[in-house]
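K.L.:
Before I ask anything, let me first share the structure, which is written out below as structure tokens.
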Number of protein chains: 2
Amino acid sequence: MHVYIDGTGLTKFGKSNLDLKSLLVEAGKKALNQSRYPEPDAVFVGAMNPEEFTETGNISTLTVDALGLSGIPSIRVETASSSGAAVFSVAFTAVASGIFRNVLVIAGEKMTHLPTSRVTKILAEVIETQERESGATMPALAAMITKAYMNRYKISSDKMEYILSSIALKNHFNGSLNPYAQFQKRITLKEYKESKMIAEPLRLYDCSPITDGAAALVLTRERTDIRVAGIGQGTDTLALRHRDSITHFMATRIAAKTAYEMGGLKPRDINFAEVHDAFTSFEIINSEDLGFFEEGRGWEAVVDGVTHIDGPFPINPSGGLKSRGHPVGASGLAQIVETIRQMRGEVDSKCQVGKTDIALTHSIGGIGNNNFVVILERVRERIKPTRKTAGYNLPIHITRIKGPHDQEIKVNETEGFIETFTTLHVTPEGFPSPLILGLVKLKEQNTRIIARAMFLGKYKIGERVKVEREDNLYLFRKENITEKVKYYFRSITRKLLKHIR
Amino acid sequence: MHVYIDGTGLTKFGKSNLDLKSLLVEAGKKALNQSRYPEPDAVFVGAMNPEEFTETGNISTLTVDALGLSGIPSIRVETASSSGAAVFSVAFTAVASGIFRNVLVIAGEKMTHLPTSRVTKILAEVIETQERESGATMPALAAMITKAYMNRYKISSDKMEYILSSIALKNHFNGSLNPYAQFQKRITLKEYKESKMIAEPLRLYDCSPITDGAAALVLTRERTDIRVAGIGQGTDTLALRHRDSITHFMATRIAAKTAYEMGGLKPRDINFAEVHDAFTSFEIINSEDLGFFEEGRGWEAVVDGVTHIDGPFPINPSGGLKSRGHPVGASGLAQIVETIRQMRGEVDSKCQVGKTDIALTHSIGGIGNNNFVVILERVRERIKPTRKTAGYNLPIHITRIKGPHDQEIKVNETEGFIETFTTLHVTPEGFPSPLILGLVKLKEQNTRIIARAMFLGKYKIGERVKVEREDNLYLFRKENITEKVKYYFRSITRKLLKHIR
């Protein structure tokens, strides 16, 4: 059984006056209207957290009812910020099983009506508890990953600023050509450099925005012009500190391996890609994890124009999450819809990429711990006979990740070194700003902790620090701080913590 | 491809000291330990609302990580209170597609740590907005359905009390024999009659409790002793007032039809069943919707002992949601696990039912709008050759429900008659108690509304009433209330409403 894509639909992304139900219905009806199968056998709905964003539960029933399709099965699927890809994956197996013929897949999220602090709090619920309680937000963790990447591949701050700005400018340029994008304006290097620092080295223009929007498509067992060639999913530890790698996403590599093998394809077969650039630095990391470029050299592609819309290997021609916007539960499916629009020549000629035979989409859930890769291919007269696979009955590879796990820290004071860190300027409610957060590897125990710097100041990756425990929090300080200074600041810290709680 | 069930696991249901993660892990590990396939290809997690119940998102990643299985795919599935059945359904298609060989399915919910008022508020998010804002809770809607059923089949209040108490006593008796049940005690008719009235005619002992718990099982393509014979899902309108039927669940009938056809089976082939008795009256309605008994005569079975644990057709031998407990996202899967324990003879001999070749489970999402039916059969040497199906490649039936939808009510005052109503004694925060809620059919428009009685008093189904609008609320009153009395009470109502808001 092969699975094909028929009609697709998108709402305008951005700040919408519509409620979540209306967004889901708009995208769903567009997809059904564009499909030869306007009467689906089932509806699959992706959304990350409609309960908290919109005080609405039972979203799959609400959606099938609002579409006037009550009666048929409807199921909601969630994997944090990759929910749009997850619901595609579940609908894919539903059709591949032979039980369903044509199904409607919809994913959406409504976020902009809430204050940013509330949105940040809801988004932070996907972060592991201890890291969240240390003050780590999604940008904070992304920044720590970015700094570890810079350190590993010896990329200076100035150079990284240039690389990240190149991605922001490219994706904003692409978004300016996309009528569905949230930001339809180009930005300048000056604007980038003047934008607010969120978590060093990530500025506002490195972070995807808060967005409303929905995407939809019809999956069918009947042949259309586009076939799902491969699909893969991988997971990683919930906590960043438990990872084998803190510079790349193992979950992406596992997902990519499965998708490539299912499709009998290699990275060089892909013509263009939409990847999860919730943060600009992720676009580089992803392009390496997906096998497009060598480790540590993904940045060359954007600087050299390779990944530009008119380059030989366009990445995020839709504008990506950065410029198209990131309604969290919708993004994974919106990437697929945008890719199909490119493959079908439905985009404006100014943003039409060259070769569109085989494309890849990549979505990240949480801080890189529930990731998906989908490969789509244009259907020729015959599906290439050279391919190893008939249908999708490939045994998948079981890849297990066993990172270092928490060990109880028995002493009140111990030593370690900074593996990566960030200065977080936009801190969660109740936390002081700025806040220096570090991923510290302990010297005498095979364990890592997320700790706060006791004092502001200049820190370096690799620097040796002393670590202390305050209840469930860890605080680190430079080795050369005298006991006197320490106790003085410690009492202040205590007062501050007291005040915060 | 056939899909089989291998190992299963259950936690004790009730008030647990464990957090949600630990409950999911406990059930999951039990299922893996009991399985020939302790290394699953993927994990599927069912939970209704871990975000609001436990402030935890990204639950599928958290679960696969906590099980030490990071790397493999993990997806969360939700359909309100049938999430446990929905996740089973998604995992079923994943295996039936041939893409996954052995998958772990886990479902759980943690609820008892929150105050009852908070739990009630979270549960009410599955109710359609206008009905929720009128003060309708799940027990209120269930009570209205029950009263409509009584009216349709001419069952007096005294008789209904006897019928409902018979179900409560039966299910508590069954639960008293089940070590996993929340309530392991029998109740007497006196205790039943003295229990608090929640929403007339439903007492506390007619309602399933607030519960913590998790269930798990391994689905595999490799032959085991139990095969999934059929599975079906149906939906209905989100709002009760939009239904074609307010005495039965069309969603159950659709689900049952699909499951029976997929399995090539009829209701009379089933040996015993676990059905969704979130409210005792639902057990009767369900047993009719599932085709076990004639419409309006399901109550005879419990009164005559037919559905008792030692009767010819046991229903809810585990104690059901009523006595086993109802951790909302877990119940649908727990029913399947309990059924397998019966089929494998793993239950105590005192609660072992007689014939266990073919069994059915039935789960309700929301107020009967996202329902599942699963049929399990013991595998003989050969799968019966008389069956029409090989694998599950049955085209499913598309059943559409097109109930009456809302029409704008243009006048401030109109007439109608009461289709059903309840006196709600346990009202949501901010609402007066008691509150009389009615489903009122308007005289001159083909539309129904949920309205509050302007005055307390005795109402009857079929009674003609006047309806007025107050902002987004509807209020009804008896026809013979004089204008003077009306305006006096209206001003009080306004003050009350103001106070509430």
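The values are calculated or read from the model by the stated rules, or taken from the named source; none is laboratory data. Predicted model only: the values in this text are computed from it and were never measured. Every residue, glycine as well, gets a Cβ built from its backbone with ideal geometry; the counts of neighbours run over all protein chains shown.
K.L.:
Does A:T224 satisfy being in contact with a strand residue (DSSP E or B) (Cβ under 7 Å, 6 or more places away or on another chain) and more than 30 Å from A:A124 (Cα to Cα)?
P.N.:
Against the criterion (in contact with a strand residue (DSSP E or B) (Cβ under 7 Å, 6 or more places away or on another chain) and more than 30 Å from A:A124 (Cα to Cα)), A:T224 qualifies.
K.L.:
Could you look through segment A:223-266, keep only residues that are among the charged types (D, E, K, R) and within 13 Å of chain B (Cβ to nearest Cβ), and pick out the one that is nearest to B:F44 (Cα to Cα)? Talk me through it step by step, then tell me what you get.
P.N.:
To start, the set of residues in segment A:223-266 that are among the charged types (D, E, K, R) comprises A:223, A:225, A:227, A:236, A:241, A:243-244, A:253, A:257, A:261, A:266.
Restricting the remaining residues to those that are within 13 Å of chain B (Cβ to nearest Cβ) gives A:236, A:241, A:243-244, A:253, A:257, A:261.
Numbers: A:D236: 15, A:R241: 25, A:R243: 22, A:D244: 24, A:R253: 21, A:K257: 21, A:E261: 23 Å.
Once the filter is applied, the top-ranked residue is A:D236.
K.L.:
Does segment B:184-221 hold any residues that are surrounded by fewer than 24 Cβ atoms within 10 Å (Cβ to Cβ), touching a strand residue (DSSP E or B) at 6+ places or on another chain (Cβ under 8 Å) and within 21 Å of B:N17 (Cβ to Cβ), and which are they?
P.N.:
Across segment B:184-221, the qualifying residues are B:P209, B:I210.
K.L.:
Would you mind finding the one in A:K159, A:K147, A:K170, A:K121 that is among the basic types (K, R), surrounded by fewer than 19 Cβ atoms within 10 Å (Cβ to Cβ), over 22 Å from A:A80 (Cβ atoms) and not assigned by TED's automatic domain parsing to the domain that holds A:F272?
P.N.:
A:K159 is the lone residue from the list that is among the basic types (K, R), surrounded by fewer than 19 Cβ atoms within 10 Å (Cβ to Cβ), over 22 Å from A:A80 (Cβ atoms) and not assigned by TED's automatic domain parsing to the domain that holds A:F272.
K.L.:
Still on this structure, please answer the following. Among the helices (runs of 4 or more DSSP H) contained in segment A:272-390, which hold 3 or more residues that are of a type outside the set (A, V, I, L, M) and over 30 Å from A:F53 (Cβ atoms)? Give the steps one after another, and end with the answer.
P.N.:
Working: elements: A:280-289, A:298-303, A:320-324, A:331-343.
Ranges flagged: A:298-303.
K.L.:
Before we move on, is A:I315 in contact (Cβ under 8 Å) with a residue 40 or more places away in the chain, under 16 Å from A:V353 (Cα atoms), surrounded by fewer than 24 Cβ atoms within 10 Å (Cβ to Cβ) and in the same structural domain as A:L217 (by TED's automatic domain parsing)? Break it down into steps so the answer makes sense when it comes.
P.N.:
Details: in contact (Cβ under 8 Å) with a residue 40 or more places away in the chain: yes; under 16 Å from A:V353 (Cα atoms): yes; surrounded by fewer than 24 Cβ atoms within 10 Å (Cβ to Cβ): no; in the same structural domain as A:L217 (by TED's automatic domain parsing): yes.
It is false that A:I315 is in contact (Cβ under 8 Å) with a residue 40 or more places away in the chain, under 16 Å from A:V353 (Cα atoms), surrounded by fewer than 24 Cβ atoms within 10 Å (Cβ to Cβ) and in the same structural domain as A:L217 (by TED's automatic domain parsing).
K.L.:
Let me ask something additional. Among (1) free of Cβ contacts under 8 Å to residues at least 12 places away in the same chain; (2) outside the structural domain of B:A334 (by TED's automatic domain parsing), which single condition is B:D65 missing?
P.N.:
Failing condition for B:D65: (2).
K.L.:
Would you please name the residue that is nearest to A:A334 (Cα to Cα), looking only at residues in segment A:146-193 that are of a type in the set (G, A, S) and not in a helix (DSSP H, G or I)? Give the derivation first.
P.N.:
First, pick out the residues of segment A:146-193 that are of a type in the set (G, A, S): A:148, A:156-157, A:165-166, A:168, A:175-176, A:181.
Filter once more, so that each one left must be not in a helix (DSSP H, G or I): A:156, A:181.
On the way: A:S156: 34, A:A181: 11 Å.
The selected residue is A:A181.
K.L.:
Please go through segment B:423-444 and give me each residue that is more than 25 Å from the chain's Cα centre (by Cα) and assigned to a strand (DSSP E or B), ordered by number.
P.N.:
Matches in segment B:423-444: B:K441, B:L442.
K.L.:
Is at least one residue of segment A:119-134 modelled with pLDDT under 95 and more than 14 Å from chain B (Cβ to nearest Cβ)?
P.N.:
There is at least one residue in segment A:119-134 that is modelled with pLDDT under 95 and more than 14 Å from chain B (Cβ to nearest Cβ).
K.L.:
With the condition kept exactly as written, say whether any residue in segment A:251-273 is in the same structural domain as A:L360 (by TED's automatic domain parsing) and over 23 Å from A:A229 (Cα atoms). I'd like the intermediate steps shown before the answer.
P.N.:
Going through segment A:251-273, the residues in the same structural domain as A:L360 (by TED's automatic domain parsing) turn out to be A:251-273.
Retained after the next criterion (residues that are over 23 Å from A:A229 (Cα atoms)): none.
There is no residue in segment A:251-273 that is in the same structural domain as A:L360 (by TED's automatic domain parsing) and over 23 Å from A:A229 (Cα atoms).
K.L.:
Looking for something at positive phi, facing another protein chain (nearest Cβ under 10 Å), surrounded by 24 or more Cβ atoms within 10 Å (Cβ to Cβ) and among the small types (G, A, S) - is there at least one such residue anywhere in segment A:78-101? Talk me through it step by step, then tell me what you get.
P.N.:
So the first thing to find is which residues in segment A:78-101 are at positive phi, and the list is A:80, A:98.
From the residues that got through so far, the ones that are facing another protein chain (nearest Cβ under 10 Å) too are A:80, A:98.
Now narrow it down to the ones that are surrounded by 24 or more Cβ atoms within 10 Å (Cβ to Cβ): A:80.
Those left that are additionally among the small types (G, A, S): A:80.
Within segment A:78-101, one or more residues are at positive phi, facing another protein chain (nearest Cβ under 10 Å), surrounded by 24 or more Cβ atoms within 10 Å (Cβ to Cβ) and among the small types (G, A, S).
K.L.:
Could I ask something else about it? Residue by residue through segment B:1-22, note down the ones that are surrounded by 22 or more Cβ atoms within 10 Å (Cβ to Cβ), touching a Gly at 6+ places or on another chain (Cβ under 8 Å) and not in a loop (DSSP other than H, G, I, E, B).
P.N.:
The answer is B:G9, B:L10, B:L20.
K.L.:
Among the residues of segment A:235-249, are any aromatic (F, W, Y), in a loop (DSSP other than H, G, I, E, B) and buried (at least 24 other Cβ atoms within 10 Å of the Cβ)? Show your work before the answer.
P.N.:
Our first condition is that a residue be aromatic (F, W, Y); within segment A:235-249, this holds for A:249.
Checking which are in a loop (DSSP other than H, G, I, E, B) leaves us with A:249.
This time we only want the ones that are buried (at least 24 other Cβ atoms within 10 Å of the Cβ), so: A:249.
Checking segment A:235-249: at least one residue is aromatic (F, W, Y), in a loop (DSSP other than H, G, I, E, B) and buried (at least 24 other Cβ atoms within 10 Å of the Cβ).
K.L.:
How about segment B:23-64: which of its residues are more than 18 Å from B:A91 (Cβ to Cβ), surrounded by fewer than 24 Cβ atoms within 10 Å (Cβ to Cβ) and away from chain A (no Cβ under 13 Å)?
P.N.:
Those that are more than 18 Å from B:A91 (Cβ to Cβ), surrounded by fewer than 24 Cβ atoms within 10 Å (Cβ to Cβ) and away from chain A (no Cβ under 13 Å): B:E26, B:N33.
K.L.:
Note down all Cβ pairs under 6 Å where the first residue falls in segment A:142-167 and is farther than 20 Å from A:L189 by Cα, the second is of a type outside the set (S, T, Y) and in a helix (DSSP H, G or I), and they're at least six residues apart or on different chains.
P.N.:
Between residues of segment A:142-167 that are farther than 20 Å from A:L189 by Cα and residues that are of a type outside the set (S, T, Y) and in a helix (DSSP H, G or I), the close pairs are A:M150/A:M160.
K.L.:
Checking A:C207 against (1) within 14 Å of chain B (Cβ to nearest Cβ); (2) of a type outside the set (D, E); (3) in contact (Cβ under 8 Å) with a residue 24 or more places away in the chain, only one condition comes out false. Which one?
P.N.:
The failed condition is (1).
K.L.:
Just the residues that are under 17 Å from B:E128 (Cα atoms) and in contact with a helix residue (DSSP H, G or I) (Cβ under 8 Å, 6 or more places away or on another chain), please, taken from segment B:448-476. First the steps, then the outcome.
P.N.:
Taking segment B:448-476 and keeping what is under 17 Å from B:E128 (Cα atoms), we get B:448-452, B:472-474.
Selection gives B:R448, B:I449, B:I450, B:N472, B:L473.
K.L.:
Would you mind telling me which numbered condition in (1) surrounded by fewer than 24 Cβ atoms within 10 Å (Cβ to Cβ); (2) at the interface with another protein chain (Cβ under 8 Å from one of its Cβ atoms) B:L114 fails?
P.N.:
Against the list (1) surrounded by fewer than 24 Cβ atoms within 10 Å (Cβ to Cβ); (2) at the interface with another protein chain (Cβ under 8 Å from one of its Cβ atoms), B:L114 comes up short only on (2).
K.L.:
Hey, among A:E346, A:E381, A:E429, which residue is charged (D, E, K, R), closer than 30 Å to A:E468 by Cβ and either at pLDDT below 95 or surrounded by fewer than 21 Cβ atoms within 10 Å (Cβ to Cβ) (or both)? Walk me through how you get there before you give the answer.
P.N.:
Working: A:E346 fails: closer than 30 Å to A:E468 by Cβ; A:E381 fails: closer than 30 Å to A:E468 by Cβ.
Sole residue among the options that is charged (D, E, K, R), closer than 30 Å to A:E468 by Cβ and either at pLDDT below 95 or surrounded by fewer than 21 Cβ atoms within 10 Å (Cβ to Cβ) (or both): A:E429.
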